[in-house]
Amino acid sequence: MEEKLRQDPSNCIKIVLFGPESTGKTTLSRQLAEYYNSLWVPEYAREYLQEKWNNERKTCEPKDLLPIAIGQIKLENELSKKTDSVLICDTDLLETKVYSEAYYKGSCDPILDKYAKNNIYDLYFLTYIDIPWEADDLRDKPDERERMFKAFESALKNHNKPYVLLKGNKQERLQLAVKHIDKLIKNK
């Protein structure tokens, strides 16, 4: 089980879009991958949970978190072998850990917790809640955006993850993200 949550070695710079639901992570992931002519790792949980919702009309349960985490790392490991420049990750295991703790009374599977803390990324972009919330089948906390944002920011701080806060419209966020990624590329 544990080997399925471990990152494979790679030569690329890994960037994570990180934050509460409906804060522009997927949009920015696509923009950055296009800008750098590179790849982005989609959020596996969306596919997994949408299929579950479509088939069973059930939402996420604690038993879903490890399969989601395994699927996310599998995608990341596959795509990290296909680029040696920048890999944009729409999420990571730390995000899954934050959601686990927020939804399930502070609990997180110990194996998920371990790899959420130990997997390494070059930079996180913490997306702020100043983008309008958009409803879909999976999003369910429009009134808890501030609390969820604080949980995400606390996770980055508590685990000493390097991050930049992204606020503003799509263009402002893209410009700030590019500025910070360009610094990483220059120093690589």
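The values are calculated or read from the model by the stated rules, or taken from the named source; none is laboratory data. The shown structure was predicted, so the numbers you read here are calculated from the model rather than taken from an experiment. Don't worry about glycine lacking a Cβ; one is built from the backbone with ideal geometry, like all the others, and counts go over all protein chains shown.
Within the group Lys63, Lys52, Lys58, which residue is crowded, with 16+ Cβ neighbours inside 10 Å, without any contact (Cβ under 8 Å) to a residue 24 or more places away in the chain and charged (D, E, K, R)?
Going through Lys63, Lys52, Lys58 in turn, just one is crowded, with 16+ Cβ neighbours inside 10 Å, without any contact (Cβ under 8 Å) to a residue 24 or more places away in the chain and charged (D, E, K, R): Lys52.
How many residues does the range 68-85 hold that are surrounded by fewer than 23 Cβ atoms within 10 Å (Cβ to Cβ), under 16 Å from Asp122 (Cβ atoms) and of a type outside the set (S, T, N, Q)?
Total satisfying the criteria: 2.
Filtering the range 1-24 down to residues that are of a type in the set (D, E, K, R) and in a helix (DSSP H, G or I), which residue is surrounded by the fewest Cβ atoms within 10 Å (Cβ to Cβ)?
Residue satisfying both the conditions and the ranking: Glu3.
Within the range 40-47, does at least one residue satisfy the condition of being surrounded by fewer than 16 Cβ atoms within 10 Å (Cβ to Cβ) and outside any loop (DSSP other than H, G, I, E, B)?
Within the range 40-47, one or more residues are surrounded by fewer than 16 Cβ atoms within 10 Å (Cβ to Cβ) and outside any loop (DSSP other than H, G, I, E, B).
Do you know which of the residues in the range 123-142 that are over 13 Å from the mean Cα position of the chain (by Cα) and either under 26 Å from Ser10 (Cα atoms) or among the β-branched types (Val, Ile, Thr) (or both) is modelled with the highest pLDDT?
In this case the residue turns out to be Ile129.
Pairs please, first residue from the range 24-36 and closer than 13 Å to Val178 by Cα and free of Cβ contacts under 8 Å to residues at least 24 places away in the same chain, second anywhere and aromatic (Phe, Trp, Tyr) and part of a helix (DSSP H, G or I), Cβ atoms under 6 Å, 6+ apart in sequence or on different chains.
Short answer, once both residue conditions are applied: none.
Within the range 21-35, identify whether any single residue is under 11 Å from the mean Cα position of the chain (by Cα) and among the charged types (D, E, K, R), and answer yes or no.
Scanning the range 21-35 turns up at least one residue that is under 11 Å from the mean Cα position of the chain (by Cα) and among the charged types (D, E, K, R).
Got a number for residues in the range 124-162 being polar (S, T, N, Q) and either at positive phi or surrounded by 14 or more Cβ atoms within 10 Å (Cβ to Cβ) (or both)?
Adding up the residues that qualify gives 2.
Quick one: in the range 48-72, which of the residues that are of a type in the set (A, V, I, L, M, F, W, C) and in a helix (DSSP H, G or I) is farthest from Gly19 (Cα to Cα)?
Ranking the qualifying residues of the range 48-72, first place goes to Trp53.
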